[in-house]
Protein chains: 2
Amino acid sequence: MRLFNKVAIVGTGLIGGSLAQAIKNKRLCSQVMGVSRHRKNLIWAKRHGIIDLACADIRGIKDADLVILATPVETIVKLAPQISKIVRKDCVVTDVGSTKVEIVKKLNKLFKHYVGSHPIAGSEKRGIRNSNPCLFAGSLCLLTPTKDTDPVSLRSIRKMWEALGAKVVLVSPQSHDEILSVVSHLPHIVSFALMNSVPQSYFKFSTPSLKELTRIAGSDIEVWKDIVFSNRKNILKTLVHFQKCLDQLKSALKYNDVVGLTRFLKESKSKRLSLR
Amino acid sequence: MRLFNKVAIVGTGLIGGSLAQAIKNKRLCSQVMGVSRHRKNLIWAKRHGIIDLACADIRGIKDADLVILATPVETIVKLAPQISKIVRKDCVVTDVGSTKVEIVKKLNKLFKHYVGSHPIAGSEKRGIRNSNPCLFAGSLCLLTPTKDTDPVSLRSIRKMWEALGAKVVLVSPQSHDEILSVVSHLPHIVSFALMNSVPQSYFKFSTPSLKELTRIAGSDIEVWKDIVFSNRKNILKTLVHFQKCLDQLKSALKYNDVVGLTRFLKESKSKRLSLR
């Protein structure tokens, strides 16, 4: 199913590289161009057939009919004005940023055919060398249209993600950022803090549970710095709520409240069992 | 290598069942007896060759030369006085409890040949039907001898765990409980609290990171209630320290402190990369 002619992916890291492979595998366009400052990565990607065309100059995207911005959040916001001067007027533009309010506000103004995307997929491993054409199969992809979104572009972008195997759900940019602050940003924050709270001298006693809960503390710092700052208001709220839950547990321990603690553990276990 | 003649395992859940299988596989004794109130489990275990003998009456352990207590922590403490009246005087006794100060204090008084063990292995899945003879291979096993511990019994118990593939480390019961409050009890507490802080209405947006960080919130409640209360003083200290780490992050967000946050993330990532 060909949805586009020439797709340009700006930012060829884990997500950009995986998208390039997936789009090529599903034959959703005739050509995939990778755009990046990292020439070595581009050469590697082209040699491995991940992209058809490699371009280190952003102006190379001028005849694309779909541009996907797959850089860290801050870079999406910074590059967008420049990109808006290069692309064709009918070019569909999407991004894969992990926060949406700021990006959608800005890109809606710059592009007539912009649709915000956020595939809930990834890895703590970064870079195109870890990219995987099946990354989106079976995953969730949130699209964040507003009243300004062109319905035809929304339909094409939806079709693209569905063709890659994702389950698409539409939410407002505001809801997106609230929800993500809980289901994604909080687990990462917790993981970073947990890792920092463990003294290095205890590492030789490391347990499977510690390793599991801190795996994502090894995530890319550039990516996470941007996510955390661009959604800081929601994250702060979410953190306050999480700390209240911890305080509940703490006071049950402090006052030897077996009933209260048991209730807390039971609620947690039963919620976990219903989480798919 | 036969280390014992008759081994009685009191409590045939995940750990007890895995121990029974592992000890039989390695031929460390001539007979493994499973002792449990749950007759159905005993019959199932015997039929599947996990134990040689099934016994629902604790008095059946009277001629064992090794007794392993593999029940939740509180039950170990409660059963020990009764068991001390049944076993032979030269019987070696160990337990697999996840906290050690209280258990070691009590069992040292009751048994001449007691050695505290804690295999750092497990699963959020409970019960003998999830038991696995390879559970201890490559895992860490902490032994907690004191000045009262009989060195010959310590040597046999050490040999047993090493034969099952575990790496044995000796620590005092006090150090054990301090260390475990950080490397095991804290991750579990964090996981329970994280799960409870996520509203059920967000479950349809569940992410891989949320699922990963809350997997152990599905752990056995009886087991964890006992662990948490028997080590509550250390856990409270650990929680205070963890909350300080969270507060650091929170204030970096609140005051838009990019440098502080980046430093925090970098430290966390570099620690995670050195955690084996």
From the list A:28, A:69, which residue is within 22 Å of residue A:136 (Cβ to Cβ), under 22 Å from the mean Cα position of the chain (by Cα) and surrounded by fewer than 24 Cβ atoms within 10 Å (Cβ to Cβ)?
A:28
Considering each residue of the stretch A:133-158, count those that are among the β-branched types (Val, Ile, Thr), in contact (Cβ under 8 Å) with a residue 40 or more places away in the chain and over 23 Å from residue A:177 (Cβ atoms), and give that number.
0
Tell me the residue from A:257, A:226 that is of a type in the set (Asp, Glu), crowded, with 19+ Cβ neighbours inside 10 Å and more than 18 Å from residue B:194 (Cβ to Cβ), please.
A:226
In the stretch A:119-136, which residues are among the small types (Gly, Ala, Ser) and either part of a helix (DSSP H, G or I) or buried (at least 22 other Cβ atoms within 10 Å of the Cβ) (or both)?
A:121, A:122, A:131
Just checking, which of B:143, B:170, B:154 is closer than 29 Å to residue B:110 by Cα, surrounded by fewer than 23 Cβ atoms within 10 Å (Cβ to Cβ) and within 15 Å of the chain's Cα centre (by Cα)?
B:143
Could you tell me how many of the residues in the stretch A:217-266 are within 33 Å of the chain's Cα centre (by Cα) and hydroxyl-bearing (Ser, Thr, Tyr)?
3
The lone exception for residue B:216 - which of (1) more than 7 Å from every other protein chain (Cβ to nearest Cβ); (2) within 30 Å of residue A:177 (Cα to Cα); (3) in contact (Cβ under 8 Å) with a residue 60 or more places away in the chain it fails:
(1)
Given (1) more than 30 Å from residue B:265 (Cα to Cα); (2) touching a residue at least 12 places away in the same chain (Cβ under 8 Å); (3) more than 15 Å from the chain's Cα centre (by Cα), where does residue A:161 come up short, assuming only one miss?
(3)
Would you be able to tell me the number of residues in the stretch B:198-213 that are aromatic (Phe, Trp, Tyr) and either surrounded by 20 or more Cβ atoms within 10 Å (Cβ to Cβ) or more than 8 Å from every other protein chain (Cβ to nearest Cβ) (or both)?
1
What are the residue pairs meeting all of these: first residue in the stretch A:109-132, first residue without any contact (Cβ under 8 Å) to a residue 60 or more places away in the chain and away from chain B (no Cβ under 11 Å), second residue buried (at least 18 other Cβ atoms within 10 Å of the Cβ) and aromatic (Phe, Trp, Tyr), Cβ atoms under 9 Å, and 6 or more apart or on different chains?
A:117/A:161
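Every number here is computed from the coordinates shown, using simple stated rules; none is lab data. What you see is a predicted model, and the numbers here were worked out from it, not measured in a lab. All Cβ positions, even for glycine, are placed from backbone atoms using ideal geometry, and neighbour counts span all protein chains on display.
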